[in-house]
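The values are calculated or read from the model by the stated rules, or taken from the named source; none is laboratory data. Predicted, not measured: the structure shown is a model, and the values here were computed from it. Here Cβ is always computed from backbone atoms with ideal geometry, including for glycine, and neighbour counts include all displayed protein chains.
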Amino acid sequence: MMSNIIFLALSFFAIAGGVAMLVYRSPMYSALGLLISILSVAGLFALLNATFLFMVQLIVYAGAIMTLILFILMFLNIKDEHLPKEPKKFALIGLGAAIMVPFNIVILKAVSNLPDADMKIVESSFGDIKPIGKLLYNDWIISFELISILLLIALVGSIVLAKRKKVNKEDA
Amino acid sequence: MISLTSYAFVSMILFSIGVIGVIARRNIFVIYMSIELMLNGINLFLITFARYHFNMDPQIITVMVISIAAAEAAIFLSVIILLFRSKKSLDTDIFTTLTQGERS
């Protein structure tokens, strides 16, 4: 019974945060709406027995990525004249909703035809860090190594992008 | 009782909000955050099915998706800084011309 209430509250805050991100004009408010949404999704992960993913979501998304976004928003010193004028925003939101509703109905109909299962929180090591680590280093080792190469490329790429301007100035 | 469909509903709503944000908004920061919200919705879908089948492989895929999102964040935000420095705007319509002609 308790988990029903928690689920309803978390899903309400996840959707409300997303809607707030969508409608606010200032990117700072949008970032705060996204932060609320991400924290609520982390709570939903915890309800689904994914304790390790709950921590990863909190540390990587709410910790690292949101801090990066907020840091850059403050670093750029965005004023009101830098923001784009969006006169047709709500009409376009309505158009997008009209596009997405049939798609959602198809997916939800497919999912609701599946046999129902008990989604309660269970007492087991499912989703803990130890079984996930075993799985990650045995069955998924190639993807793991590829991800490490991808992160290295991203590191090199961001350094190159950040340095390019200085090089151009020296050439000119 | 919380069923599979209710989790799927929440994750599809989050994904749809992300798609609508990419379609409707012109602020490049909001477009980036919409992409993050789409990734979150897909992660929630994967975790829901991991619990449903009691199988941990989707959780590994979610770890991969989160690390790709972190790499994407680094690249995307440095590109945003470069574009903002050269154009002094966050409007995506200005970024359709990528020449550096009118730079101050």
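A quick yes/no check of all residues on (1) in a helix (DSSP H, G or I); (2) touching a residue at least 24 places away in the same chain (Cβ under 8 Å); (3) touching a Cys at 6+ places or on another chain (Cβ under 8 Å); (4) not assigned by TED's automatic domain parsing to the domain that holds A:Ile121:
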| site | (1), (2), (3), (4) |
| --- | --- |
| A:Ser30 | yes, no, no, no |
| A:Gly33 | yes, no, no, no |
| A:Leu44 | yes, yes, no, no |
| A:Val56 | yes, no, no, no |
| A:Met74 | yes, no, no, no |
| A:Ile78 | no, yes, no, no |
With the condition kept exactly as written, say whether any residue in segment B:37-55 is in a loop (DSSP other than H, G, I, E, B) and either facing chain A (nearest Cβ under 7 Å) or touching a Ser or Thr at 6+ places or on another chain (Cβ under 8 Å) (or both). yes
Can you find a residue in segment B:77-89 that is of a type in the set (A, V, I, L, M), in contact (Cβ under 8 Å) with a residue 12 or more places away in the chain, within 19 Å of A:Val41 (Cα to Cα) and not in a loop (DSSP other than H, G, I, E, B)? no
Evaluation of A:Ala64 against (1) small (Gly, Ala, Ser); (2) facing chain B (nearest Cβ under 7 Å); (3) under 17 Å from B:Tyr7 (Cβ atoms) (one fails), failing number: (3)
Would it be correct to say that A:Ala20 is touching a Phe, Trp or Tyr at 6+ places or on another chain (Cβ under 9 Å), without any contact (Cβ under 8 Å) to a residue 12 or more places away in the chain, assigned to a helix (DSSP H, G or I) and more than 7 Å from chain B (Cβ to nearest Cβ)? no
State whether one or more residues within segment B:63-72 are more than 7 Å from chain A (Cβ to nearest Cβ), buried (at least 18 other Cβ atoms within 10 Å of the Cβ) and of a type in the set (Val, Ile, Thr). no
Of the residues in segment A:95-136 that are in a helix (DSSP H, G or I) and touching a residue at least 60 places away in the same chain (Cβ under 8 Å), the one that is nearest to the other protein chains (Cβ to nearest Cβ) is A:Ile132
One residue is enough: does segment B:13-36 have a residue meeting the conditions free of Cβ contacts under 8 Å to residues at least 24 places away in the same chain, of a type in the set (D, E, K, R) and outside any helix (DSSP H, G or I)? yes
